[in-house]
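The values are calculated or read from the model by the stated rules, or taken from the named source; none is laboratory data. Remember, predicted model here, so these are calculated numbers, not experimental data. Side chains included, ligands, DNA and RNA excluded: accessible areas come from the protein's heavy atoms. Shrake-Rupley method; radii C 1.70, N 1.55, O 1.52, S 1.80 Å.
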Amino acid sequence: MSAPLKLGLAGLGTVGISALERLLSMENELAVKTSRGIRVQAVSARNRNKDRGVDLSGLDWYSDPVEMATSDKIDVFVELIGGDTGAAEDAVRAAIMAGKHVITANKALLAKHGNELARLAEEHNVSINFEAAVAGGIPVIKAIRESLTSNDITRVYGILNGTCNYILTRMEDEGLSFEACLKDAQDLGYAEADPSFDIEGNDTAHKLSILSSLAFGHEIDADSIFLEGITSITSADIAAARELGYRIKLLGVAQKTDTGIEQRVHPTMVPLDSAIAQIDGVTNAVAIEGDAIGMITLSGPGAGGEATASAVLADIVDIARGLEVKPLGLPASLLEPYRPAAMRAHEGGYYIRLRVIDEPGVFASIANRMAQQCISLESIVQRKAKYKVEQKSEMITANKKPQDLVLITYETTEFAIRTAIESIVSDGHVVASPQVIRIERL
Ligand code: HSE
């Protein structure tokens with residue numbers, strides 16, 4: 001048997017402690033599975049005296065993760081600190097330059113510095129493994145980077161944020177408010193330290209940027225992602241979607257088009273009978289479309305200590321087995337610069353909800369504006385009683401109560417929709433910001 005692989009584990013939060021407990025309790029099985037011992041040599045966290053329910057007495061303690069990352073006593077640096085700057089970034093760079101393999105669950109770090117870290121790792125002949133960074137316990141990095149490598153991938157999409165899916169599911173099932181569902185998600189520990197990262201879509205964008213790079217062989221470019229969160233979604237939208245045969249999900253979508261790669265994160269109407277529509281609560285799912293496989297959907301826990309630790313241990317086992325894969329699948333020098341497709345050229349169907357004054361000619365005027373942009377309507381409905389009027393407006397007079405008009409379009413372009421809506425707003429019939437939700441062709 002080779003010498004044991006010695007680990008330094010930085011960050012003893014929920015995931016760090018779960019990973020540590022599994023490593024300690026599975027020592028014998030892991031040695032058999034890898035033909036090599038795997039030993040936790042050292043740990044690092046901010047507070048040494050905190051009771052974490054695990055006996056740390058046999059392990060070297062470092063209060064400085066950078067010092068641990070460069071110690072001769074470790075072969076692999078496991079980064080579970082989080083954050084795209086500061087200790088996590090410094091320690092990962094230091095570990096790579098000291099010739100240590102790196103395992104990280106840090107999607108924000110990879111979204112921001114992934115290209116550069118991949119180059120650095122190649123220069124120093126070490127691996128960076130990051131299965132835990134996207135969709136927690138779902139083995140999607142390995143699936144795209146290794147198992148589907150012979151496929152020409154055309155689209156990757158998924159529910160990549162458990163907090164948003166939990167909120168949307170509970171709003172739909174229990175008719176609860178957005179705020180109440182967000183609070184429960186925070187209390188249950190699903191949300192990021194700053195929950196705006198979840199609900200504004202940034203967390204999904206970080207994860208999507210990594211999947212897109214692996215699927216399409218381009219550099220990570222999280223900053224170019226088209227981003228809309230779920231904060232504007234109302235119970236009215238959820239109810240209308242349901243009646244029209246859809247559910248609303250926050251999707252991250254990376255798609256090959258004639259003009260480049262679309263990377264977009266936005267609330268999306270998905271058909272009720274699609275696989276992705278069945279994903280409830282905090283569960284994540286990723287669908288991958290490729291020429292050889294057609295489509296596969298992987299679903300499972302996207303967060304939580306045990307599930308995420310499962311992915312961290314898989315990465316450790318790969319290193320113990322001597323499996324070496326370029327961090328982003330291709331040698332970093334062969335990654336293409338990201339070539340974004342313009343969002344205005346995006347093609348698809350649209351759901352539009354317009355709060356309008358209920359008076360003669362409004363319907364006709366809106367239909368006319370749509371026709372001017374060659375937008376064909378699949379349906380246009382006004383339901384007086386169904387959609388609760390939630391806001392008062394100065395433009396509302398006592399005898400002209402606003403109503404919601406819900407339009408579903410056939411395939412058109414983002415540009416046409418934006419232009420039509422601008423003209424509808426300028427016509428003065430609309431009393432609140434129009435709601436626009438893209439319908440994904442599945
Ligand atoms: N805040 C994330 C989520 C945790 O809700 O999915 C895992 O990245």
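Here is how the numbers come out for the structure above:
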{"item": "Residue pairs, from the table K142/K249; K50/K249; K73/K107, whose Cα atoms sit over 29 Å apart", "result": "K50/K249"}
{"item": "Surface per residue (accessible, 1.4 Å probe) for the chain, Å²", "result": "43"}
{"item": "Longest to shortest principal axis, alpha-carbon extents of segment 146-301, angstrom", "result": "44, 34, 28"}
{"item": "The chain - mean residue ellipticity at 222 nm from DSSP helices (-39,500 (n - 2.57) per run, n ≥ 4, rounded to 500)", "result": "-10000 deg cm²/dmol"}
{"item": "Isotropically averaged projected area of segment 1-110, using the convex hull of Cα atoms (one quarter of hull area), nm²", "result": "6.7"}
{"item": "Carbon and sulfur %, accessible surface of the chain computed with the full protein complex present, 1.4 Å", "result": "48"}
{"item": "Principal-axis tilt of helix 107-123 within the chain, Cα atoms, nearest 10 degrees", "result": "40"}
{"item": "Built amide H within the under 5 Å cut-off of I103, gap 5+", "result": "F77, V78, E79, N129"}
{"item": "Helix axis angle, 362-372 relative to the chain longest principal axis, alpha carbon, degrees", "result": "60"}
{"item": "Whole-angstrom gap from segment 1-43 to segment 353-373, using each part's C-alpha centre", "result": "63"}
{"item": "Cα-Cα separations in the chain greater than 31 Å, expressed as whole percent", "result": "45"}
{"item": "Nearest 10 degrees, 0 to 90: helix 14-25 Cα axis against the chain principal axis", "result": "40"}
{"item": "Integer Hz, Karplus 6.51/-1.76/1.60 couplings in order for segment 267-281, x for Gly and Pro", "result": "x, 9, 8, 10, x, 4, 8, 7, 4, 5, 5, 7, 7, 10, x"}
